[in-house]
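For reference, the structure discussed in these notes is given below.
The values are calculated or read from the model by the stated rules, or taken from the named source; none is laboratory data. In this text, all values refer to a predicted model and were calculated from it rather than measured experimentally. Cβ sites come from the backbone with ideal geometry, for glycine too, and all protein chains shown count toward neighbours. Only protein heavy atoms, including side chains, enter the accessible area calculation; ligands, DNA and RNA are left aside. Shrake-Rupley method; radii C 1.70, N 1.55, O 1.52, S 1.80 Å.
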Amino acid sequence: MNILVLGSGGREHAVISSFSKSKKCSKIYALPGNGGTSILAENIKGDINDFDFIKNLVIEKNISMVFVGPEDPIVNGIYDYFKSSPNLKNIKIIAPSKLAGSLEGSKDFAKDFMEKYNIPTARHKTFTADNINEADTFLESMTPPYVLKADGLAAGKGVLIISDLIEAKKELRRMILDEKFGTASLKVVIEEFLEGIELSCFVLTDGKNHKTLPFAKDYKKIGEGDKGLNTGGMGAISPVPFLDDKFLSKIENKIIKPTIKGIINEKMDYFGFVFIGLIKVKDEPMVIEYNVRMGDPETEVVFPRINNDVIELFDSMGTSNFNLINLDIKPDHAATIILVSEGYPNEYEKEKPIKGLSDTKDTIIFHAGTKRRGKEYITNGGRVLAVTSLAKNYLEALKKSYNQIKKLGFADMYYRKDIGFDL
Ligand code: AMP
Ligand code: GLY
């Protein structure tokens, strides 16, 4: 079968890599893909939010399955577009509906959902220009630091954690009245700060049944010791060492089951991943956020651990076979380290030649911000490469990745040397 993968990150390279191992895979197209995907797939130039363009591509290339990597097309309703188009309605699209997309596209919507289905999360309240004056009283009722979240998508930048009350009141006004994050912050969720260790939970569901994929832990901050600005993610490991059976069963019962129940009750067409951002607070799991897609860099440690034929797995969704397939997960631990361009997540330069990509024995290199220039690969983004390794334990896996990095390089390369430091 011909497959189309939307997106251009390490996540998409990892997914394409798994697709390429399937017996059922004929040809893979990546829109727009990156330097690494161009080896396993045909990269197509184009906009992942141009659904008419995607429709024509699917028809022209005889594509039977579309995997949507990033959240944007999901929140913009790509699933609904497919289902309402006579030419596309039978194409398997791995993406939830626009309504389900609101779980990521609107923090306020997600909070209402959690409240309705009794899913543990931080105490919160939503504010707009209409009730902005009540926000001061709410902030005063909380203990610092204060968590202010833009309601809509803000490219991972819409969450502010502020320790000073006066500053928090000011920032709230900047978000709502001055549109600090554009229309995404016309509504702001203020919530209680949760203290604990974070982990990422991934559930694959066809809106009836579900499978819990391997858990992962990612490292979001740019600096060592989890300091500095938030990024898309600087590294990840899977499984999560502190996730024991007791804690896992709390997550299943208090979070995953009620989430799936809510999805069914609300009649959200859900055909894809629920990525539940969790935090362990005094041995209890709480939800920080929902995403409606796989995580990046978590995919680079989760997908290499899945032995199943992923086309078979996705193809079974929506049929009785989905329940019959057992996930076959490698017991190995996986670690990934992200190599970024100096300056990221702020300004950085591009088009630096990358060296050492062919000299890999023990590791898998997933490309993110790369592109090909003739025979060479050059940098083309903030996050450039994900260096993944598998081993008996996460320390061994990390060691393999760090050894590999010694052979890799581009001008002004930066990476964190402390992934796993907190475990
Ligand atoms: P979000 O976009 O909601 O995932 O928030 C981005 C990051 O901000 C999270 O990964 C957490 O590290 C942090 N964060 C968000 N909400 C809270 C909270 N209520 N308490 C503590 N940290 C939070
Ligand atoms: N690694 C976090 C995310 O994909 O949102």
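Could you please find all residues in the range 274-312 being under 25 Å from Ile365 (Cα atoms), away from ligand 2 (no atom under 11 Å from the Cβ) and in a strand (DSSP E or B)?
Across the range 274-312, the qualifying residue is only Ile306.
Is there a residue being under 25 Å from the mean Cα position of the chain (by Cα), surrounded by 14 or more Cβ atoms within 10 Å (Cβ to Cβ), within 22 Å of Val75 (Cα to Cα) and in contact (Cβ under 8 Å) with a residue 40 or more places away in the chain anywhere in the range 119-130?
The answer is yes; a qualifying residue exists.
When you scan the range 143-153, do you find a residue that is open to solvent by 40 Å² or more (accessible area, probe 1.4 Å), away from ligand 2 (no atom under 16 Å from the Cβ) and in contact (Cβ under 8 Å) with a residue 12 or more places away in the chain, even just one?
Looking through the range 143-153, at least one residue is open to solvent by 40 Å² or more (accessible area, probe 1.4 Å), away from ligand 2 (no atom under 16 Å from the Cβ) and in contact (Cβ under 8 Å) with a residue 12 or more places away in the chain.
Gly101 is checked against (1) closer than 25 Å to Ile288 by Cβ; (2) in contact (Cβ under 8 Å) with a residue 24 or more places away in the chain; (3) open to solvent by 10 Å² or more (accessible area, probe 1.4 Å) and fails just one. What number does that condition carry?
So the condition that Gly101 fails would be (3).
Can you name every residue in the range 170-190 that is open to solvent by less than 40 Å² (accessible area, probe 1.4 Å) and away from ligand 1 (no atom under 12 Å from the Cβ)?
Of everything in the range 170-190, those that are open to solvent by less than 40 Å² (accessible area, probe 1.4 Å) and away from ligand 1 (no atom under 12 Å from the Cβ) turn out to be Glu171, Leu172, Met175, Ile176, Gly182, Ser185, Val188.
Before we move on, is Asn209 under 17 Å from the mean Cα position of the chain (by Cα) and open to solvent by 40 Å² or more (accessible area, probe 1.4 Å)?
no
Can you tell me which residues in the range 57-82 are out of contact with any strand residue (DSSP E or B) (no Cβ under 8 Å at 6 or more places or on another chain) and in a helix (DSSP H, G or I)?
Ile59, Glu60, Asp72, Val75, Asp80, Tyr81 - these are the residues of the range 57-82 that are out of contact with any strand residue (DSSP E or B) (no Cβ under 8 Å at 6 or more places or on another chain) and in a helix (DSSP H, G or I).
Applying the selection to the range 374-423, what residues are over 20 Å from Val302 (Cα atoms) and part of a strand (DSSP E or B)?
Glu376, Tyr377, Ile378, Thr379, Gly409, Met413, Tyr414
Give all pairs with beta carbons closer than 7 Å in which a residue from the range 354-383 that is closer than 25 Å to Tyr394 by Cα meets a residue that is crowded, with 22+ Cβ neighbours inside 10 Å and of a type in the set (Asp, Glu); count only pairs at least 6 apart in sequence or on separate chains.
Phe366/Glu300
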